[in-house]
Each structure stands twice: as C-alpha cells, then as structure tokens.
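Accompanying notes for the structure given below.
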Protein chains: 2
Amino acid sequence: MVSDADPITTERVPLSKTRVLEAAMGLADRTGIETLTMRNLAQELGVEAMSLYYHVANKEALLDGLVDSLLAEIEHERGDFEVVQDQAGWLPTMRNLILTARTVMLRHPWAPRVIESRTTMTPTLLRYFNALLGIMIEGGFSNDLGHHAMHALGSRALGFNQELFEPDNTDQGDEEAEAMMADLGPQLPYLMGMLAEVVHDDPDTTLGWCDDQTEFEFGLDLLLTGLEARRASR
Amino acid sequence: MVSDADPITTERVPLSKTRVLEAAMGLADRTGIETLTMRNLAQELGVEAMSLYYHVANKEALLDGLVDSLLAEIEHERGDFEVVQDQAGWLPTMRNLILTARTVMLRHPWAPRVIESRTTMTPTLLRYFNALLGIMIEGGFSNDLGHHAMHALGSRALGFNQELFEPDNTDQGDEEAEAMMADLGPQLPYLMGMLAEVVHDDPDTTLGWCDDQTEFEFGLDLLLTGLEARRASR
DNA sequence: ACCTGAACACCGTTCAAGT
DNA sequence: ACCTGAACACCGTTCAAGT
C-alpha cells in the first residue's frame, strides 16, 4: 500500500500523455502490438482504462503518438534532421539517414504495421520527409524528380520494406507450408530451382522470409542508383 | 416467406466455401474491409454468424481465402500464369504481368491492407511468384539476382505500393492537415517548395496522396531498369 | 484537474443442441 | 451434413459521478 502522504513513491506520479506513450511503446515492444489494448495499457500503468481517455483522445490518437515517438527516436539517433550534405554527395547522405531510420525500426517490430495503418500526418514525420527531400534538392534534384523519388522509395524511405510473407514462427505453420510446397512443387519449377540454390545455405530461411539487411540494402541501392542516373541525365 | 417445398427459390441454395468467399469479397468491395465481420457477412448471406464456421475455420482463414480469390482473378485476367516470353525480352513481359495485377488490385481497395496482414502462403500466390521468377530466369537472370529482385520489388510485384499516408477523405482531416502545414511551414522549406511547384496543378492532391498510375510506373521502371543493368553486366 | 464504475454496442469463437 | 442459440471472453468508448 502506498501512503498518500508520501510523494517520493514513484507509483504516485500522475498520468500524462508522455507517460502513456512511453508505457504504450514498452508494452508493444515487449508483448506485441496485438496486446496493446486500452485495458492492458491501463493495467500496465496501474490505472483504470477510462483514465487514459483523459490524456489521449482515443486509440487512434494513441497510435499516432506512437509513430511520432518513433520518428523522434530516429531524429535523436541521427542528432537532428538538418540537411547537411556528405561531401561524397546526396546519395550516401540519404543512404545513411535511411539506414539510421532502419536501425530504429528494427528495435520496434510493430512499427511497419502501425505506420501503414495510419492516415494522419504528424509534425515529426513532415520534418523527416523534409530532410529527405532537402538532401535530394541540395544534391541537384528537380522538385519533380524529388517528388517521384519519395513515392518510389515508399516505406523504404522510413527504413523498412513491408515483407509480403513473414515467417510463421510456429513449427506448425512451417510444416504446413512445406507440405504445400511439396504438393505444388511440380507446378513451381522456377521457385523450386531458386530455393534449392539460394536458400540451402541458410537452414531457417524459407520462401518469403529473407528480409535481412542485405535484401533491404539491395533494393535501396537499386533505387538510389537509378535516381542518380536520372538526376545526372537531365 | 420461402416455401420449404420450393427448391427453385435461390434463397435456398446452401452455403459453401465459395459462396462465403464471394459474399465476403462483395461486402469488402462495397462497404470496406472494416465492415467485413463474421456477423455482417452472415447477415449478408441470410444466415447466423455461427454457420460460417462450418465452411471456414475462422476469420484468418476467410481472409486467406480472399487473397487467394484475388490472385485467381489476376490469373484469369492474364489468361494463365504460364511463362511465355514477350519477344522484346523479360522486362516488358514482367512489366505487363505486374500492371495486370495492378488493374485487379485497383478493383479491390482493401487488398493491400489484407495482403500485408497475412503471413500464410497460398497456392495461387506461389504460382504467381513462380511466374514472375520464371520470366526473369528465362530472361537470363541468375537465381540469386532473381531472388534479390523479388525482395526489391516487394508489394510492387503484386501491383500496389503501400502509400505511407493516404488522403483523409473527410474535409475535417484536410483542414487539420493544412493548418499543421501552415504552422510548420517555416521549418519545412524543401517540402513547401516542392508542393508549390509539383502539386499546384492538381487541386485535390495534397502531400502523401499522389499514388496514381504514373508514380507506380515510375517506381516500377526504376527497379526494372536497375535489374536489367545488373543482369546484363554479369 | 484528474480518475473511476457501470454500462453500451460491438467483436471472434466454443459448445451443446437442434433438424 | 448443415445450421443455430446461448454464452464466453474480449474490444473501444460514453457518460455521469466521484475526489
């Protein structure tokens, strides 16, 4: 029991929007986004679910706040979102910023799905996009090419690439998938051939799950070099 | 009231997995994926919610079925998933297949989000990927490059590019977004500059919403030409 | 100003029961 | 074989009420 007269006890610090967001982030990191419910979050904070609504409009706003916190973490990781060019040119500058974003994303597995579920712009995100665009513009891009580039990068601009099919962590799912592959094998000569050659040296990799750093950088560099070619040829 | 003795009445056709899937597809197309609940779907079919579980294991399986139906529609649109090369080479063949997938995706606005929520492979999807890969292999790709290419394309291989921020259709949202832009404007010189130049001729386009055919094809072609360069230089 | 209790209108799903 | 009723364990959220 906490004494009412003892303000030192940390249990007594009142709720606030930032405390709610920090707790939400921790809960999502620790036990997954699907367990982030208003009721669970309240319990985590030692409070009733309805108390949360005093600090956050609703669950949508909570998720928006989460995205904003994540972007703030990226900004902190880089120092700031100032547009300062690497002397090697726009490409490595942009590459570094995006890979920094990626390291932060990797700490928060729920991030891609949450980001893609949002439709609302947040201030921090606008500043992030402004930084990306600024790097390109200062590097000699037209506004038009910069605009196309942002679309072409898509979620990669934020450091992740939505994988179409992630691994089932259940052995159950793996076995089912393998059974299906065995059944369909004869109809899938190219896929079977590729798997035999490409995947055999990494035993826990199955089709649809190879999104390691290498694949991310391959796709990113494909886009960046393509953009550089178009910038230079105008 | 339907007479029990009248088997002609269409109301009497019993449920089946395909009828359930067709109804689910129609419901999602018409009123959005968020209204596709087991209870709503049952009502649509004139049946109790629990009856659905006789034909489909659970909601996850229903969504898997929806993705499979969508892929089947792509296959039907193209004729089949055979690997027959365009005489102009792998690139236009692949481009055409992906753009065909896109025309189907555009008929089903819920598709990107549902696909990205799935973790299970379906047979039709495997055959689709096999076709894409086959086009590349027959076009002179190594298995390794083909593998990288699949990852690099990501959701674009299926004809969509997850937009990071879609338009708020509510005027409310638009106004809020504009107010925020006005506030932050001074901090966002590059973004403001680009918007002024690029967006002004399309009045209902605001930042984060320009994913028309042009942007999709720009990104796709950036990747395809990049891949062609790597194929040719090995 | 901040938090809560009770209640509402939803979800997906189980299970025993009906025909 | 196919469908249903009642119930369970959840959701997010409102609203009047407490301190």
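The values are calculated or read from the model by the stated rules, or taken from the named source; none is laboratory data. These numbers were taken from a predicted model, which means no experiment stands behind them. Cβ placement follows ideal geometry from the backbone for every residue including glycine, while neighbour counts extend to all protein chains displayed. Surface areas here come from the heavy atoms of the whole protein model, side chains and all, with no ligands, DNA or RNA. Shrake-Rupley method; radii C 1.70, N 1.55, O 1.52, S 1.80 Å.
Go through (1) at positive phi; (2) open to solvent by 30 Å² or more (accessible area, probe 1.4 Å) one by one and return the number of the condition A:GLY89 breaks.
Every listed condition holds for A:GLY89 apart from (2).
Return the residue satisfying two criteria in turn: it lies in region A:52-82 and is more than 16 Å from the chain's Cα centre (by Cα) and open to solvent by less than 40 Å² (accessible area, probe 1.4 Å), and of such residues it is farthest from DNA strand C (Cβ to nearest atom).
A:PHE81
Can you confirm whether B:THR18 is open to solvent by 40 Å² or more (accessible area, probe 1.4 Å), more than 19 Å from the chain's Cα centre (by Cα), of a type in the set (Ser, Thr, Tyr) and away from DNA strand C (no atom under 16 Å from the Cβ)?
yes
To keep it simple, each residue is scored yes or no on (1) touching an Asp or Glu at 6+ places or on another chain (Cβ under 8 Å); (2) more than 7 Å from every other protein chain (Cβ to nearest Cβ); (3) at pLDDT 95 or above.
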{"site": "B:ASP80", "(1), (2), (3)": "no, yes, no"}
{"site": "B:PRO92", "(1), (2), (3)": "yes, yes, yes"}
{"site": "B:ARG102", "(1), (2), (3)": "no, yes, yes"}
{"site": "B:PRO112", "(1), (2), (3)": "no, yes, no"}
{"site": "B:GLU116", "(1), (2), (3)": "yes, no, no"}
{"site": "B:LEU133", "(1), (2), (3)": "no, no, yes"}
{"site": "B:PHE141", "(1), (2), (3)": "no, yes, yes"}
{"site": "B:ALA157", "(1), (2), (3)": "no, yes, yes"}
{"site": "B:GLN162", "(1), (2), (3)": "yes, no, no"}
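Just to be sure before I move on: is A:LEU125 surrounded by fewer than 20 Cβ atoms within 10 Å (Cβ to Cβ) and either touching an Asp or Glu at 6+ places or on another chain (Cβ under 6 Å) or closer than 22 Å to A:PHE216 by Cα (or both) in the structure I sent?
No.
Can you tell me which residue within region A:143-155, out of those that are at the interface with chain B (Cβ under 7 Å from one of its Cβ atoms) and farther than 30 Å from B:ARG118 by Cα, is surrounded by the most Cβ atoms within 10 Å (Cβ to Cβ)?
A:GLY146
Every residue in region B:93-131 that is within 20 Å of B:LEU224 (Cβ to Cβ) and of a type in the set (Val, Ile, Thr), please.
B:THR93, B:ILE98, B:THR100, B:THR103, B:VAL104
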